[in-house]
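Just below is one structure, and these are the notes that go with it.
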Amino acid sequence: METETKPVRRPGKSASANKARETDQKKDSPKDSKKSKVGDDTQQTERDPELKYGPMPRFPHQRVWTRAVMILALLTVVYFSYKTGKEVPLARQHEILHQRKQPLECSDSFKAEVEHYPGCVPEKCGRLISDSLITAAEAQAMLEIAKRGLNLGGSLGGASILDLHSGALSVGRTFINMYLTEKGKNIYRKSDFDTYKQVRMKIHRAVAQNFKISPDVLYLTHPTFFSRLTNLPPGTEHDEYWHPHVDKDTYESFHYTSLLYLSDYGEDFDGGRFVFIDKDNVNSTVEPRKGRVSMFTSGKENTHFVERVRSGTRFAMTVSFTCDPKHAISDPNGKVLKRVPK
């Protein structure tokens, strides 16, 4: 008969082993915790650069400046887009044009406004160039009138204006009333104002005829002025003539704009072309020619700018018209008016 041998249980050994294992776990626990913490910190550092490289630099009104930089970047893109747009010559300096038309659809805002004035709604918006409207003698007479007055003053920058209606003349950083000065009060004769009126009436009739509106509901309006542009850097905001704009937005009274050029592109000056900004990144350019008349509707359909003059002197006369009789003005006569630009 075999004897059954039973394992002998030794009390205390198992408890001792368990205790040892617990002790080892306690010893390992801080290390594991530390490793876990280091791992978490590494991930947090990767997520937050400030923990790795220190706090990010900040400055007052950071959000405002950030937005300003973004807007400036957008404007830069727009600026170079139209500057580098495809050019289509509407009128070259060496061409002699009887009439060259470029019809356009009226902008919604322009059409909605002129519809308030019966007889003044154009059959079609657009632009027209003519070299046969004003004679060479008339153009020369207008140039001499412009030079005579502008020589009494002049802006600090490259753009000077003279308004025969109000007597406003650019002088330094501001304007004076030329008719109130000793040299300016008798600078023009009646024959000068008669020539001015004769030229203005020719342009008036041409605008009405071209856009199929009644001349009786078309009025001369303010401002109508001579301009002299050079390559001098701007001295005031008035000297920055090269920014794209819409005449109707700049001058509320404008409905039809006309320009009489009094000097020649490529001969009397370089740069200074008139540029219409059209759809699909296309620019239609007009090269000034002495005696050339450009006329166009003043709405957004004719957004435009003038290139900066690179050399020489560019002379022109702006003659503006309105459909609103409240904004009508008379032809100049040399009498002192109170309205002078600020």
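Taking a ≥ b ≥ c as the square roots of the eigenvalues of the Cα gyration tensor of region 223-299, is the shape rounded (a/c under 1.5), prolate (a/b larger than b/c) or oblate? If you can, show how the numbers build up before the last one.
Values: a/c = 1.33, a/b = 1.18, b/c = 1.12.
In terms of gyration-tensor shape, rounded.
Give me the three principal axis extents of region 169-324 from the C-alpha atoms, as integers in angstrom, largest value leading.
51, 40, 29
With every protein chain present, what accessible area does I329 have (1.4 Å probe, heavy atoms only), rounded to the nearest 10 Å²?
Accessible surface of I329 is approximately 40 Å².
What number, in percent, do you get for the relative contact order of region 123-273 if the mean sequence gap of Cα pairs under 8 Å and at least 6 apart is divided by its residue count?
28 percent
Quick one: 3J(HN,Hα) in Hz for region 148-154, Karplus 6.51/-1.76/1.60 with θ = phi - 60°, rounded, Gly and Pro as x.
These are the phi-based 3J(HN,Hα) values: 4, x, 5, 5, 7, x, x Hz.
Determine the equivalent ellipsoid of region 111-166 by diagonalising the alpha-carbon gyration tensor, then write out the semi-axes as square roots of 5 times the eigenvalues, largest first, rounded to whole Å. Mind showing how you got there, number by number?
Values: eigenvalues 212, 71, 26 Å².
They are 33, 19, 11 Å, listed from largest to smallest.
Could you rank D194, D108, D331 by how accessible they are, 1.4 Å probe, largest area first?
Values: D194 75, D108 130, D331 40 Å².
Ranked list, largest accessible area first: D108, D194, D331.
Can you grab the distance from the C-alpha centre of region 159-186 to the C-alpha centre of region 112-133, Å, no decimals?
31 Å
Can you sort K101, K335, K248 by solvent-accessible area, 1.4 Å probe, largest first?
The most accessible residue leads, giving K335, K101, K248.
In whole percent, and with a 1.4 Å probe on the protein chains, what portion of the accessible area of region 130-227 is carbon and sulfur?
C and S fraction of accessible area: 53 percent.
Which distance in nm do the two modelled labels at K279 and R148 give, with both placed 7 Å along the Cα-to-Cβ direction?
Each label point lies 7 Å from its Cα, and together they span 4.8 nm.
Of E87, E252, which has the most accessible area and how do the rest follow, probe 1.4 Å?
Descending accessible area places them as E252, E87.
So who's got an amide H within less than 5 Å of the one on H304, skipping anything under 5 residues away but keeping other chains? H placed 1.01 Å off N, in plane.
H245, I277
Within region 292-321, list the residues whose amide N lies under 14 Å from a label point set 7 Å along Cα→Cβ of D194.
none
To the nearest 10 square angstrom, how much accessible area does H327 have with a 1.4 angstrom probe?
Probe radius 1.4 Å; accessible area of H327 about 70 Å².
Tell me, what is the 1.4 Å probe accessible area of D249, in Å² to the nearest 10?
Roughly 100 Å² of D249 is accessible to a 1.4 Å probe.
Using only alpha carbon pairs under 8 Å that are at least six residues apart, calculate the relative contact order of region 241-310 and give it in whole percent. It would help to have the intermediate numbers written out before the result.
Details: 134 pairs, mean separation 33.4, N = 70.
It rounds to 48 percent for region 241-310.
What are the extents of the Cα atoms of region 258-309 along their three principal axes, listed from largest to smallest and rounded to whole Å?
31, 20, 13
Along region 167-173, what does the Karplus equation 6.51 cos²θ - 1.76 cosθ + 1.60 (θ = phi - 60°) give for ³J(HN,Hα), rounded to whole Hz, x for Gly and Pro?
So the Karplus estimates, Gly and Pro as x, are x, 5, 9, 5, 9, x, 9 Hz.
The values are calculated or read from the model by the stated rules, or taken from the named source; none is laboratory data. Please read all numbers here as calculations on a predicted model, not as lab measurements. Every residue, glycine among them, receives a Cβ derived from its backbone with ideal geometry; neighbour counts consider all protein chains shown. Heavy atoms of the whole protein, side chains included, go into the accessibility calculation; ligands, DNA and RNA do not. Shrake-Rupley method; radii C 1.70, N 1.55, O 1.52, S 1.80 Å.
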